[in-house]
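The values are calculated or read from the model by the stated rules, or taken from the named source; none is laboratory data. Bear in mind that the values here come from a model prediction, so they are computed numbers and not experimental data. FYI the Cβ positions are ideal-geometry reconstructions off the backbone, even for glycines, and counts take in every protein chain you see.
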Amino acid sequence: MALIVRPAVPSDLPAITDIANALIETATVEWTETLHTLADRQVWLEHHQEAGEPVLVAIDDEMVVGWAAYGDFRDSTRWPGYRFTVEHSVHVAESHSGRGVGRSLMSALIADAQASGKRVMVAAIDADNPGSIDFHARLGFVEVGRMPGVGDKWGQRLSLVLMQYDLTHPPD
């Protein structure tokens with residue numbers, strides 16, 4: 001696999017949308033029951049680009065097989081004390097899970113955040129997603145909190161795990 005990680009462009013949006021939607025109807029990876037649309041993703045990409053926030057894609061054999069992005073943690077315009085902290089998302093196509101795509105995307109995303117002067121990257125993960133929790137721990141994220149019952153999907157209460165990565169003192 002000759003993986004390439006690069007900034008997303010509008011022609012990547014159908015694949016980004018498909019990857020984002022893949023588990024919405026069957027898992028609690030995202031706390032929504034509404035599928036993303038191409039129009040929604042276009043607005044999302046434009047917002048990130050205007051804000052100078054990265055949206056990265058992983059390409060394998062000319063096909064988008066994953067994406068990652070970060071954005072504001074909370075609302076740093078309203079609360080500027082958060083301006084050095086970002087929250088990220090990373091999604092990999094099931095066909096490429098466990099093949100280093102997520103790690104490659106996160107390495108590039110972390111490097112971008114560090115170059116942008118960010119200090120902390122936050123991961124907000126469904127507590128019933130041990131694969132993502134373990135993945136983030138292997139990257140050097142540390143669990144800093146659990147919030148029981150703060151979410152809801154399919155009428156079921158969900159718990160959130162917060163993990164963070166210190167961009168100024170990365171792990172060895």
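Please work out which residue is surrounded by the fewest Cβ atoms within 10 Å (Cβ to Cβ), limiting yourself to segment 63-84 and to residues that are aromatic (Phe, Trp, Tyr), within 13 Å of ALA113 (Cα to Cα) and touching a helix residue (DSSP H, G or I) at 6+ places or on another chain (Cβ under 7 Å).
Selected residue: PHE73.
Just one of (1) touching a residue at least 60 places away in the same chain (Cβ under 8 Å); (2) of a type outside the set (Val, Ile, Thr); (3) surrounded by 14 or more Cβ atoms within 10 Å (Cβ to Cβ) trips up PRO170, so point out which.
(3)
Condition check ((1) modelled with pLDDT under 95; (2) within 25 Å of ASP128 (Cβ to Cβ)) across all residues:
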| site | (1), (2) |
| --- | --- |
| ARG6 | no, no |
| THR17 | no, yes |
| ALA20 | no, yes |
| THR26 | yes, yes |
| PRO54 | no, no |
| VAL64 | no, no |
| GLY71 | no, yes |
| GLY81 | no, no |
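Given the options SER159, SER89, name the one that is closer than 29 Å to ASP18 by Cα, in contact with a Pro (Cβ under 9 Å, 6 or more places away or on another chain) and in a strand (DSSP E or B).
Just a single option satisfies the conditions, and that option is SER159.
Taking segment 121-148, which residues are within 14 Å of the chain's Cα centre (by Cα), among the aliphatic types (A, V, I, L, M) and either farther than 26 Å from ILE4 by Cβ or part of a strand (DSSP E or B) (or both)?
Answer for segment 121-148, where residues must be within 14 Å of the chain's Cα centre (by Cα), among the aliphatic types (A, V, I, L, M) and either farther than 26 Å from ILE4 by Cβ or part of a strand (DSSP E or B) (or both): MET121, VAL122, ALA123, ALA124, ILE125, ILE133.
Of everything in segment 117-172, what is β-branched (Val, Ile, Thr) and closer than 22 Å to ARG99 by Cα? Give them in sequence order.
Scanning segment 117-172 gives ILE125, ILE133.
Given (1) of a type in the set (Asp, Glu); (2) crowded, with 17+ Cβ neighbours inside 10 Å; (3) at positive phi, identify the lone condition not met by ASP60.
ASP60 satisfies all of (1) of a type in the set (Asp, Glu); (2) crowded, with 17+ Cβ neighbours inside 10 Å; (3) at positive phi except (3).
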